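Presented below is the structure to which this report refers.
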């Protein structure tokens, strides 16, 4: 009986809160909703009876405020791996997209095979194939380079389709007009098509970087001292798994929110649409 009354009270409180919040201005609704959901989120964690002293003691290690073997660790290493990988994957994506759009059958075959394989297999498998497979042919590679290579190849395949779609979205009349002015094919692509396509490419590319940031947790299987590996190692040391995993989750979330803000500013700077009337 008491349980039923409690459920009814909770339901009434939720409905009443929904009605009340809807009376606020739009921006206030957004802020209040975020605050309430975050409070519920933190209460959920509080119910685990966590050791906050342990979290604070290990937090500098998770954030990577120090060095491990004279190199980055924790969240700092995660960001480093993702930054290098997104740069490399952007170059790979552009090359693969141009190959897909070229008239060369060999280039088309190479690009489609590359895109199909790395989009069709799990990232974890790709990481292990690179780290454990290359030594089979005499190429010994350390965990961090292996992680960067795997992330670059995987996300380069996904981003290649983004680049291709962005390039093809530019009206054919733009190319024809540029050629009529005497520009060569390479100049048309570099001076006319890509500057316009970049406005369409930037938003989904930013989303890929945020997704890569989270997928980089798979690198922990290689023993690289990135955020997830640090969380698992410290959690295992004193059986404080929930403390470390929750802390890692909040750090990943904070990093994602930070890059979402950066992405929104980049989008405002370059714009999302293509104004063909100015070309």
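The values are calculated or read from the model by the stated rules, or taken from the named source; none is laboratory data. Here the structure is a predicted model, which means the values were calculated and not measured. So basically every Cβ, Gly included, is an ideal-geometry build from the backbone, and we count neighbours across all protein chains shown.
Structure notes:
- Odd one out for residue 164 among (1) surrounded by fewer than 21 Cβ atoms within 10 Å (Cβ to Cβ); (2) touching a helix residue (DSSP H, G or I) at 6+ places or on another chain (Cβ under 9 Å); (3) at pLDDT 90 or above: (1)
- Of all residues in region 51-78 being assigned to a loop (DSSP other than H, G, I, E, B) and surrounded by fewer than 16 Cβ atoms within 10 Å (Cβ to Cβ), the one that is nearest to the chain's Cα centre (by Cα): 65
- Residue in region 95-103 that is within 28 Å of the chain's Cα centre (by Cα) and within 29 Å of residue 222 (Cα to Cα) present: yes
- On the stretch given as region 130-148, residues that are buried (at least 16 other Cβ atoms within 10 Å of the Cβ) and either touching a strand residue (DSSP E or B) at 6+ places or on another chain (Cβ under 7 Å) or free of Cβ contacts under 8 Å to residues at least 40 places away in the same chain (or both) total 2.
- Of all residue pairs spaced 6 or more apart or on separate chains, those with beta-carbon atoms under 7 Å, a first member in region 56-69 that is at positive phi and a second member that is outside any strand (DSSP E or B) and surrounded by 14 or more Cβ atoms within 10 Å (Cβ to Cβ) are 64/72; 64/73; 64/74; 64/75; 64/76; 64/77.
- Any hit, region 179-202, residues being under 19 Å from the mean Cα position of the chain (by Cα), assigned to a helix (DSSP H, G or I) and within 21 Å of residue 112 (Cβ to Cβ): yes
- Residue list for region 210-229, filter: modelled with pLDDT under 90 and assigned to a strand (DSSP E or B): none
- If you check 18, 87 for being at pLDDT 85 or above, under 30 Å from residue 205 (Cα atoms) and part of a helix (DSSP H, G or I), only one passes: 87.
- Residue 96, sole failed condition from (1) in contact (Cβ under 8 Å) with a residue 40 or more places away in the chain; (2) over 30 Å from residue 115 (Cβ atoms): (2)
Quick grid of which residues meet (1) without any contact (Cβ under 8 Å) to a residue 40 or more places away in the chain; (2) under 24 Å from residue 262 (Cβ atoms):
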residue	(1), (2)
204	no, yes
213	no, yes
232	yes, no
238	no, no
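- Check on residue 187, surrounded by fewer than 20 Cβ atoms within 10 Å (Cβ to Cβ), on the phi < 0 side of the Ramachandran plot and modelled with pLDDT of 85 or more: no
- Residue check for residue 162: within 18 Å of the chain's Cα centre (by Cα), touching a residue at least 12 places away in the same chain (Cβ under 8 Å) and closer than 13 Å to residue 81 by Cβ: no
- Condition check for residue 193: crowded, with 16+ Cβ neighbours inside 10 Å, within 23 Å of residue 155 (Cα to Cα), in contact with a strand residue (DSSP E or B) (Cβ under 7 Å, 6 or more places away or on another chain) and in contact (Cβ under 8 Å) with a residue 24 or more places away in the chain: no
- When residue 4 is tested against the conditions (1) assigned to a helix (DSSP H, G or I); (2) under 27 Å from residue 257 (Cα atoms), the lone failure is (2).
- So residue 242, is it part of a helix (DSSP H, G or I), under 16 Å from residue 81 (Cα atoms) and over 19 Å from the mean Cα position of the chain (by Cα): no
- Restricting 182, 173, 105 to those that are surrounded by fewer than 19 Cβ atoms within 10 Å (Cβ to Cβ), over 30 Å from residue 253 (Cα atoms) and at pLDDT 90 or above reduces the list to 105.
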